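Undergrad: Attaching a single structure in structure tokens format; questions to follow.
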Amino acid sequence: MTSATKALITGITGQDGSYLAELLLEKGYEVHGLIRRSSQFNTQRIDHLYVDPHEADARLFLHYADLTDSSSLIGHLHRIKPSEVYNLGAQSHVKVSFEMPEFTAETAGMGTLRMLEAIRTADWPIRFYQAGSSEMFGRVLESPQSERTPFNPRSPYAIAKVFAHFMTVDYREAYGIHASNGILFNHESPRRGGTFVTRKVTQGIAGILAGKSEHVYLGNLDSRRDWGYAKEYVEAMWLMLQQDEPDDYVIATGEMHTVRELCEVAFGLAGLDWERHVRIDEEYFRPTEVDELCGDASKAQQRLGWQPTMKFRELVAVMLEHDMREAGVEARG
């Protein structure tokens, strides 16, 4: 398909990258993904999409690059000549960002700047999507949070994302780049990494039912988050780049649930008493906590025509069913 629109995705092997690649391929795009060189492939989330690049029907191509290396970004950008660039790559775990602040800043912050600079060198039109985060709101100054809510970041990850957000705004205004920020609140799926709390819970339950463990170790059960379905959220990314004018959008459900509620629902679906199996480990507390996050996505609903459909309990059930199936077990209740 020589006339297909070309898209470039950083972070294509992650949860969002894999769902976005699926969506774009369904829409007839030619999709190029940047992956980091390592001793082992980490492409499990997109293996089902991959066709040998030498085949005539191949429309997914992977390239080695790194957000810490400008030359690789510029080189691939000019070879591929994409019409759309989705910057999803970063060290994205908040707790880890306290342990690796410099690397987090290099990937989540400076990596965005490097990509924007690469786009600035292009002599063809490129539309750019920057993956922002609700963590940028940090200790919230109002609730729910909208595009007008001031940022108050509370972690190296969030601070790096704020830098990336304003760099995207600046390049949009200074150089006329069609660059949009998506301020996405927590979004989950069976492809979520195992170190994130939702997946820790659902995988933990599967392990308990399989007889491999007795407990799930968590941090702050009182944290309240706005949880949505990642597959729906990547559609919002695509919609932003189809608009005539670039802008910034909050993507969220508008509902909050505590980690305790997450445990109650997930363990209940499996026929287990969560209080018997959940243990608190202070290792999982952050040095600076973010108590609550809840998004107001009315702007995205009005301008993009986007709104979430999967409810919290259904999302937990989808993740739990996947993890129990992977573990070869059935629910007791």
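Undergrad: Calculate what fraction, in whole %, of the accessible area of the stretch 151-194 sits on carbon and sulfur atoms when a 1.4 Å probe is rolled over the protein chains.
TA: The C+S portion of the solvent-accessible surface of the stretch 151-194 is 53 percent.
Undergrad: Rg to Rh ratio, the chain, alpha-carbon atoms and Kirkwood radius?
TA: 0.96
Undergrad: At q = 0.13 Å⁻¹, what is the log10 ratio I(q)/I(0) for the stretch 118-271, with the Debye formula run over Cα points and no solvent?
TA: -0.70
Undergrad: Are there GluC sites (Glu not before Pro) in the stretch 285-333 that DSSP puts in a loop and that have at most 16 other Cβ atoms within 10 Å, and which ones?
TA: Those satisfying the criteria are Glu289, Glu330.
Undergrad: At a 1.4 Å probe radius, carbon and sulfur cover how many percent of the accessible area of the stretch 227-333?
TA: Working: 2120 of 5350 Å².
Solvent-exposed carbon and sulfur of the stretch 227-333 make up 40 percent of the total.
Undergrad: Here's another thing I want to ask about it. Over 22 Å between C-alpha atoms is what I'm after, so list which of Lys231/Lys311; Lys95/Lys161; Lys6/Lys27; Lys6/Lys161; Lys27/Lys299 land there.
TA: Where the Cα-Cα span goes over 22 Å, the pairs concerned are Lys6/Lys161; Lys27/Lys299.
Undergrad: Another question about this same structure. Residues of the stretch 53-92: accessible area per residue at 1.4 Å, in Å²?
TA: Details: 1860 Å² over 40 residues.
That works out to 47 Å² per residue.
Undergrad: Under 19 Å from a point placed 7 Å out from the Cα of Phe61 along the Cα-to-Cβ direction: which residues of the stretch 121-144 have their backbone N that close?
TA: Within reach of a label on Phe61, which here means backbone N under 19 Å from a point 7 Å along Cα→Cβ, the stretch 121-144 contributes 122-127.
Undergrad: Evaluate the distance, in nm, between pseudo-label points positioned 7 Å from the Cα of Val51 and of Glu102 along their respective Cα→Cβ axes.
TA: 4.5 nm
Undergrad: Going by average Cβ density within 10 Å per residue, which order do the peptides 301-308, 159-166 take, highest to lowest?
TA: 159-166, 301-308
Undergrad: May I have the extent of the alpha carbons of the stretch 11-105 along their three principal axes, as whole Å values ordered from largest to smallest?
TA: 45, 27, 26
Undergrad: Which whole-number value in Å² is the accessible area per residue of the stretch 102-224, probe 1.4 Å?
TA: It amounts to 38 Å² per residue over the stretch 102-224.
Undergrad: Compute the whole-percent fraction of alpha carbon pairs in the stretch 272-325 spaced more than 17 Å apart.
TA: 69 percent
Undergrad: Rounded to the nearest percent, how much of the accessible area of the stretch 16-63 (1.4 Å probe, protein heavy atoms only) is carbon and sulfur?
TA: Whole-percent figure for carbon plus sulfur exposure: 45.
Undergrad: What does DSSP give for the chain in terms of the percent of beta bridges that are antiparallel, rounded to the nearest 5?
TA: 5 percent
Undergrad: Counting only Cα, what are the radius of gyration and maximum Cα-Cα distance Dmax of the stretch 262-302, in Å?
TA: Every Cα atom of the stretch 262-302 included, Rg and Dmax give 16.1, 45 Å.
The values are calculated or read from the model by the stated rules, or taken from the named source; none is laboratory data. For clarity, every value in this text was computed on a predicted model and none was experimentally measured. Every residue, glycine among them, receives a Cβ derived from its backbone with ideal geometry; neighbour counts consider all protein chains shown. Ligands, DNA and RNA are excluded from the accessible area calculation, which covers all protein heavy atoms including side chains. Shrake-Rupley method; radii C 1.70, N 1.55, O 1.52, S 1.80 Å.
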